[in-house]
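Below you'll find the structure, written out as structure tokens, and then a few comments.
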Amino acid sequence: MSEAALERIEQGINTLAAQQEAICERLQALEDRVSKAVSGAASRDEVIQLLDGFRAGEALGEASIGAWIEVCTTDCVRGALRTIQQREGMHARLLEQRLRELGAQPTFEIPAADVEKAMKGLSSTEKSDAQKLLEFSQRYPDADVLLKPICDVADRLDHDQETQWLLRSIVQDERSTVALVHEACAMLNPQAA
Ligand SMILES: [Fe+2]
């Protein structure tokens, strides 16, 4: 074999080696992206747990706000509470429906002591509406912080966009609720502002 032929073969081998290296690099990058996507996605168990817990909280919200409405003595607060209560009930039903569509059953129960505390606090006739609004506003000063755990799961649900956008639309309602309560609170508690 001539020297020139050997050189061509060597060049060919070098080119192949360089191509192989480039392919390996691209494969590695692809593998990194896939494993990142898989590990970042919310698991089914995580979603079921969130839907079930959120559903239970919303159902308690509907019941406890209902109890507040019954003893509410301020017209503007009652008007807001009626809307908020309906939203809570709707959220509970939508979340339960999605839970069942995903093949799970609602099982989570809020501890009895917590249920009693919420019901007693909001149905109290000793506390004024202004006081109840103030307590809520102080407990939840920032809607973003309150809703972050739900938003975080929704952001990792690209593989289930129905649940993702169900959660996002409920989050939007919750922001309205928090904003309305803060507004009513500021109006009825001018000294706290
Ligand atoms: Fe809610």
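Each reported figure results from applying straightforward, stated rules to the coordinates on display, with no laboratory input. Predicted, not measured: the structure shown is a model, and the values here were computed from it. So basically every Cβ, Gly included, is an ideal-geometry build from the backbone, and we count neighbours across all protein chains shown.
Some observations on this one:
- Remark: I150, I13 ranked as I13, I150, counting other beta-carbon atoms within 10 Å and listing the fewest first.
- What the pair-distance distribution of segment 91-179 shows, using all Cα-Cα distances binned every 5 Å from zero, is 3, 11, 16, 18, 21, 15, 9, 5, 2, 0 percent.
- Gained length - A192 relative to C151, 0.36 nm times residue gap less alpha-carbon distance: 11.8 nm
- The simple Förster model, with R0 at 45 Å and r as the Cβ-Cβ distance, assigns R93 and Q138 a FRET efficiency of 0.95.
- Among D75, D160, D155, a tally of other beta-carbon atoms within 10 Å of each Cβ gives an order, fewest to most, of D75, D155, D160.
- Sequence-ordered 3J(HN,Hα) estimates for segment 90-98 from the Karplus curve with 6.51, -1.76 and 1.60 and θ = phi - 60° stand at 5, 4, 4, 5, 5, 5, 5, 4, 5 Hz, glycine and proline given as x.
- Counting neighbouring Cβ atoms within 10 Å and putting the fewest first, the residues V145, V153 line up as V145, V153.
- Computed over the chain with a Gaussian network model linking Cα atoms closer than 10 Å, the most mobile of L134, L16, L94 is L16.
- P(r) tail, the chain: Cα-Cα pairs separated by more than 27 Å, 48% of all pairs.
- Under-23-angstrom lysine pairs by C-alpha in the chain, whenever the two are 8 or more apart or on separate chains: 4
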